[in-house]
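Trainee: I'd like to ask some things about the structure below.
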Amino acid sequence: MGGDHGPSVTIPAALSFIEHEPDAELILVGLEDVIRAELKKHKAETHPRLSVLHASEQVTMDDPLEVALRRKKDSSMRVAIEQVKNGAAQACVSAGNTGALMAVSRYVLKTMSGVDRPAICSILPNQKNGPTYMLDLGANVDCEPHHLHQFAIMGSVLVSAMENIERPTIGLLNVGTEDIKGNEVVKLTAKLLQADHERGALNFHGNVEGNDIFKGTTDIVVCDGFVGNVTLKAIEGLARFMKDVLTSEFKRNPITILGALIARGALKAITNRLNPSRYNGASLLGLRGLVIKSHGGADAYSFEWALRRAYEAAKNDVQAQLASMIAELMPRIPVAQEAQSTSSSI
C-alpha cells in the first residue's frame, strides 16, 4: 500500500515479476478490497502463486515515526514485516515511508547480535559493468567510527553472498585519498578497517572519493547516512537531468531527429545501462530478517527490480550468511563506550 502510487504500481509489478520467476510466491499485504479490485483489473484474482493478507491500516509517507510504530499496529507495513518474523515470508519489500520502515523493522525483527545500528545499502552502476554497493544511504545521519566499521563488515558479507566475491574490496568515502584527509570519524574508522585488513578479516582498499563510485574502484563504498543520502539523491537527479537533456536536444530540429534515429540502438543501450529504475531496491542490513526498501516514487518497472533484489537475496540465503559472518567478524563495543553512547543518545 506504500509509496506514491500504492497498488496501481505494486500489483502490476508483482504480476510481471511472478511471471518471470516461476518458483516465487508473493503475499500482497494491505486493504484486501483495494488489492482484489486491482487484481481483477489485471484478470489475476485467482493466480495460484499470489495470496492476499488483509491489513486495516496504512502508513502514509508523512506519518511521524510514533504513529507508524505505536498507533498503526495493523498497518500493511507492520503486518508484512511480521510475516518475515514468523517465517511465512523470506523477505519484505516496501515502497513506504523510509523512516517508518526502518523503525518498524527494527522493532519487530530486532537487530542481529553485535549490530548497533542497521544500515541502508543499495547498488550503483560503474564503468566496469558491475555494481558498486554503497552504505549507509540514509538510516543513520550521525555516526561514530564503530558504526561505519559495522557498515563495512555488513557490506562485505552482503557483496560476498550476492556477487560471489570471496574478498570484496572496501572503500571509505572521503574528501581525498590521503590518510590525513577527512574528519576525525573518518580517520578513526580508517584505522579500524586497516586493522581488519592487516589481520585478513576485511579487504580494505583505503579512502576513496566520490568519482570512485562510478569508476568501480572498490566493490563497496562506506559512508554515514547523511553523506550517502545526499550523494544518492544527487546521482538520481543528474541521471534524470541527462536523460531529459538528451531527449530535448535530439528533438530540437529535423537534423537532430535524424541523428537520434541513426543512434537509436546506442541511445537505448545507454538509457538501459544508466536507468536509475534498474538499481531500485535497497537492503536494510543488520536486521534479523530481509527487508528491501523501494523508492517511494517507483513505477511498476522500478518496483519489480526491488522485488528481484529481495528474491535474489532470499534465493542466495543472504540472511543466514549475514548472521554467520557478522557473528564471526563483528567486534563487540567496549562496555564503557557502549554506556557512553547510550547516555549521549538519551
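The values are calculated or read from the model by the stated rules, or taken from the named source; none is laboratory data. This one's a predicted model, so the numbers in the text were calculated from it and none came from an experiment. As a convention, Cβ positions derive from the backbone with ideal geometry for all residues, glycine included, and neighbour counts pool all protein chains shown. What goes into the accessible areas is simple: the full protein's heavy atoms, side chains included, and nothing from ligands, DNA or RNA. Shrake-Rupley method; radii C 1.70, N 1.55, O 1.52, S 1.80 Å.
Trainee: Taking the condition open to solvent by 50 Å² or more (accessible area, probe 1.4 Å), closer than 16 Å to residue 132 by Cβ and at pLDDT below 95, does residue 198 pass?
Mentor: no
Trainee: Search region 124-140 for residues being outside any loop (DSSP other than H, G, I, E, B) and open to solvent by 10 Å² or more (accessible area, probe 1.4 Å), and hand back the single one that is nearest to residue 220 (Cα to Cα).
Mentor: Among those residues, the one meeting the criterion is 133.
Trainee: Here's something else I'd like to know. Taking residue 241, is it at pLDDT below 90, surrounded by fewer than 19 Cβ atoms within 10 Å (Cβ to Cβ) and either of a type in the set (A, V, I, L, M, F, W, C) or under 19 Å from residue 136 (Cα atoms) (or both)?
Mentor: When the stated conditions are applied, residue 241 passes them.
Trainee: Name every residue in region 299-326 that is of a type in the set (Gly, Ala, Ser) and under 21 Å from residue 104 (Cα atoms), in order of residue number.
Mentor: 306, 310, 313, 314, 323
Trainee: Open to solvent by less than 50 Å² (accessible area, probe 1.4 Å), touching a helix residue (DSSP H, G or I) at 6+ places or on another chain (Cβ under 6 Å) and either assigned to a helix (DSSP H, G or I) or at pLDDT below 95 (or both): does that describe residue 69?
Mentor: yes
Trainee: Can I ask one more? Has region 324-343 got at least one residue that is part of a helix (DSSP H, G or I) and either buried (at least 19 other Cβ atoms within 10 Å of the Cβ) or at pLDDT 90 or above (or both)?
Mentor: Yes - at least one qualifying residue is present in region 324-343.
Trainee: Also: Taking region 306-325, which residues are farther than 11 Å from residue 112 by Cβ and touching a strand residue (DSSP E or B) at 6+ places or on another chain (Cβ under 6 Å)?
Mentor: Answer for region 306-325, where residues must be farther than 11 Å from residue 112 by Cβ and touching a strand residue (DSSP E or B) at 6+ places or on another chain (Cβ under 6 Å): 306, 307, 309, 310, 313, 314.
Trainee: Additional query: Can you name every residue in region 24-38 that is of a type in the set (A, V, I, L, M, F, W, C), open to solvent by less than 60 Å² (accessible area, probe 1.4 Å) and within 17 Å of residue 80 (Cβ to Cβ)?
Mentor: 24, 26, 28, 29, 31, 35, listed by residue number.
Trainee: Another question about this same structure. Any chance you could count how many residues in region 263-300 are at pLDDT 85 or above and either β-branched (Val, Ile, Thr) or surrounded by fewer than 16 Cβ atoms within 10 Å (Cβ to Cβ) (or both)?
Mentor: Matching residues across region 263-300 total 4.
Trainee: In the list 47, 42, 5, which residue meets the criterion of being in contact (Cβ under 8 Å) with a residue 40 or more places away in the chain and open to solvent by 30 Å² or more (accessible area, probe 1.4 Å)?
Mentor: Checking each option against the conditions leaves just 5.
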